[in-house]
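A.B. asks: Take a look at this one; I'll ask things after.
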């Protein structure tokens, strides 16, 4: 069974090689329009159809403009879980239009719509945004700002205390400094070494899934050739993938798609089966 999927929207992964020595699922979405930064109901249904059969638990989802894919990947989870996000932004803005899912509002949408999402830990958020979360979510969202992560290791203790038994991890590489990666967004100051230290804490939990975004696609004139930013991001992706696949462990709670009585259902790798989604309503 393949552990890794690569969702290609912008073509940036065609210029990278971190996944090419592994048996990965390649999901081509480059033909889709109206999905850069946001998607409406029609686009959401089309993306859902393309990712519905994914086998893997590690998903590379292109640039930060496609971070809303985390919502689509998490919505099939049928047990209480914590969302841990590395991001320089909160991604908790109100949606500009009803039914429009965007890279800037997906965490808010998840908190509002996903009944099994219990709490969120945001790590590496810009200091200027650390206090912008709506009061309604104060008890469910813990923000670790970039300056807090720079001061000492207290933030790791916060992560240890906040993360529940089951975790979904989402990594936007704009949380990291430019000496580590290059993205299309303003960047923070965190390091990949800090990510690795955090993952050692999370690895004692059941990891339900991981996604990684934050590719840079500015260098269109390179026409398929690898740019300096591509090389840097390719190396970072390779390092992240190595971290996740240490000892080739598979998360006990990873979701697979299945069928029951002619209906789609969710089956966890540890053998238990999710409740019928229709029962949630």
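Here, each number is a calculation from the coordinates, and none is a lab measurement. Just so it is clear, the structure is predicted and the values come from calculations on it, not from any experiment. Here Cβ is always computed from backbone atoms with ideal geometry, including for glycine, and neighbour counts include all displayed protein chains.
A.B. asks: Based on the alpha-carbon gyration tensor of the stretch 142-223 and its eigenvalue square roots a ≥ b ≥ c, which shape applies: rounded if a/c is under 1.5, prolate if not and a/b is larger than b/c, or oblate? Intermediate results must be reported in sequence, preceding the final value.
C.D. replies: Numbers: a/c = 2.83, a/b = 1.61, b/c = 1.76.
Oblate, because a/c is 1.5 or more while a/b does not exceed b/c.
A.B. asks: Shape call for the stretch 8-77 from the C-alpha gyration tensor, a ≥ b ≥ c root eigenvalues: rounded (a/c under 1.5), prolate (a/b greater than b/c) or oblate? Write out the running numbers ahead of the final one.
C.D. replies: Details: a/c = 1.88, a/b = 1.29, b/c = 1.46.
Here the stretch 8-77 falls in the oblate category.
A.B. asks: How many nm separate the modelled label positions at residue 193 and residue 95, each set 7 Å beyond the Cα in the direction of the Cβ?
C.D. replies: 4.2 nm
A.B. asks: May I ask you to derive the FRET efficiency for residue 28 and residue 151 from their Cβ-Cβ distance with R0 = 41 Å, giving the value to the nearest 0.05? Please report the intermediate quantities before stating the final value.
C.D. replies: Details: r = 43 Å, r/R0 = 1.06.
Efficiency, from the Cβ-Cβ distance: 0.40.
A.B. asks: With N set to the residue count of the stretch 66-180, report its C-alpha Rg divided by 2.2 N^0.38 Å to two decimal places. Let's see the in-between values first.
C.D. replies: Details: Rg = 13.6 Å, N = 115, 2.2 N^0.38 = 13.4 Å.
The stretch 66-180 yields a ratio of 1.02.
A.B. asks: Run the quick spin-label model on residue 137 and residue 186: label points 7 Å from Cα toward the beta carbon, then report their separation in nm to one decimal.
C.D. replies: Once both label points are built, they end up 1.9 nm from each other.
A.B. asks: Something else now. Cα centroid distance between the stretch 70-109 and the stretch 197-219, in Å?
C.D. replies: 15 Å
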